[in-house]
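One structure is given below, encoded as structure tokens.
The values are calculated or read from the model by the stated rules, or taken from the named source; none is laboratory data. This structure is a prediction, so every number in the text was calculated from the model and none was measured. Here Cβ is always computed from backbone atoms with ideal geometry, including for glycine, and neighbour counts include all displayed protein chains. Each accessible area value is taken on the protein alone, full model and side chains, heavy atoms only, with ligands, DNA and RNA left out. Shrake-Rupley method; radii C 1.70, N 1.55, O 1.52, S 1.80 Å.
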Amino acid sequence: MREKKYQTCSNCVMDTTDSKIQFDEKGVCDHCNTFYKDIEPNWNPNDKGWAEISKIADDIKKEGKGKDFDCIIGMSGGIDSSYLVYLAKVKLGLRPLVFHVDAGWNSQQAVHNIEQIVDRLELDLYTEVIDWEEMKDLQLSFFKAGVSHTDTPQDHSFFATMYKFAAKHKIKHILTGGNYSTECIRNPLEWMYFQSDARQIKDIQKKFGTKKLKNYPLTNILWHKIYLPYIKGIKLYKPLDFMPYDKEEATQFLVDNFGYQRYAQKHFESRFTRFYEAFWLYKKFGYDTRKVQYSSLIVTGQMTREEALERLKTPAYDPETIDDDFNYIANKLGISSKELQGYLDAPNKTYKDYKNQQYLYDLGAKVMRKLGLEKGGKR
């Protein structure tokens, strides 16, 4: 079988490290064409969108009268969720409960940013702390499994905990910082498999774990995609999609007004994610998530292709501090650096090597696209 010739998109910076990428006759990739064909024509980050989200906010406020808060916002300390908290309180007039999940990997910057924004906006913060012994064991299981989506235990715990909290306390409205402006191009499935696949999590933990997941917040795709929205009536909104949202402008605004501290890269509010995306994913699998992030900014007019290519010439991790980061991750997981290096050198696996529910995701995506409820998405 002939090896695929290396090629980079002529419009963005996605390339053939995404093995499923396709190019048209002009050398433009399918990620870009999906954005221009399916997302951009149906996306209204303008006055029309603002009128729509303002109407939604008015309905949320009416329903929340007499309650301590009218919605919930998951906040990581990253730029998207941080700006959303400001937007919800100041611009939309909502009374959100700020919900944070501590999975054991918060950076000092994240803690600072959360505290500054919550305190200055005089909002209530609820923090759920994940059982560290179970989290640690599950993350080690993913390292041992050799898959690329090593950050799944942390990501799964974030949304599963918030959904469970909302269901338990009968909170009907959840606001999230997810948005097309910085995330219209998604990580390919082979880079990062669906973090919500509980069947895969259970299988990997059964094969490699040493503990039963008694307290870890497991959920599943049917529960949060069908039961919660259509049976329990819990609605999810992405307000940043209804307004002009420029990442750099939003960041500088928070820096100037809330003492916000910048991160070197998207998702670096977690020390584990910083290590995983900047170093592990690149060194072990050859996947550079900056290509996805920069490409989203390119097609939405926030970065030039030339600027992205220039930035990609240097690694996402700091070569001078990577040994310290490597040792930190190993020590926190309770293993030696030599053992962690062994997982780095071990044969690579994919999500297909373990039990999964990809068929459900494929079916759901087809239905959602036919109904016009999903545009783009993983592939």
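Assorted remarks:
- Just so you know, the Cα atoms of the range 195-332 work out to an Rg and Dmax of 19.2, 52 Å.
- Summarising the label geometry, the points placed 7 Å from Cα in the beta-carbon direction at residue 42 and residue 230 lie 1.7 nm from one another.
- Packing rank of 164-174, 103-113, where each peptide gets the mean count of other beta carbons within 10 Å, highest leading: 103-113, 164-174
- Reported value for the chain: 151 Å³ per residue, from the convex hull of its C-alpha atoms.
- Cα gyration tensor shape for the range 193-249, rounded if a/c is under 1.5, else prolate or oblate: oblate
- Residue 262-residue 312 pseudo-label distance in nm [points 7 Å out on the Cα-to-Cβ vector]: 2.2
- Beta bridges per DSSP with both ends in the chain, % antiparallel, nearest 5: 20
- Taken along its principal axes, the alpha carbon cloud of the range 3-103 reaches lengths of 63, 38, 18 Å, longest axis first.
- Each pair of Cα atoms in the range 229-268 enters the Kirkwood radius, and Stokes-Einstein at 10 °C and 1.306 mPa s then converts it into a translational diffusion coefficient of 125 µm²/s.
- Overall, the anisotropy analysis places the range 102-217 in the prolate class: the square-rooted eigenvalues a ≥ b ≥ c of its C-alpha gyration tensor yield a/c not less than 1.5, with a/b exceeding b/c.
- Two-site label geometry, residue 253 and residue 129: point separation in nm, points 7 Å out along Cα→Cβ: 3.4
- Its Cα centre serving as origin, the chain has a Cβ charge dipole (Lys and Arg +1, Asp and Glu -1) of approximately 1600 debye.
- Estimated FRET transfer efficiency when R0 is 25 angstrom, pair residue 338-residue 210 (beta carbons, to 0.05): 0.85
- Ellipticity at 222 nm from helices only: DSSP H runs of n ≥ 4 in the chain, each -39500 (n - 2.57), divided by the residue count, give -12500 deg cm²/dmol.
- Taking all protein chains as they are arranged and a probe of 1.4 Å, the heavy atoms of residue 228 leave approximately 0 Å² accessible to solvent.
- Cα gyration tensor category, rounded, prolate or oblate, for the range 104-162 with a/c compared to 1.5: prolate
- In straight-distance terms, cross-link reach from residue 67 covers every one of the lysines whose alpha-carbon lies under 21 Å from its own, apart from those fewer than eight places away in the same chain; here that gives 55, 89, 91, 164, 168, 170, 172, 232, 235.
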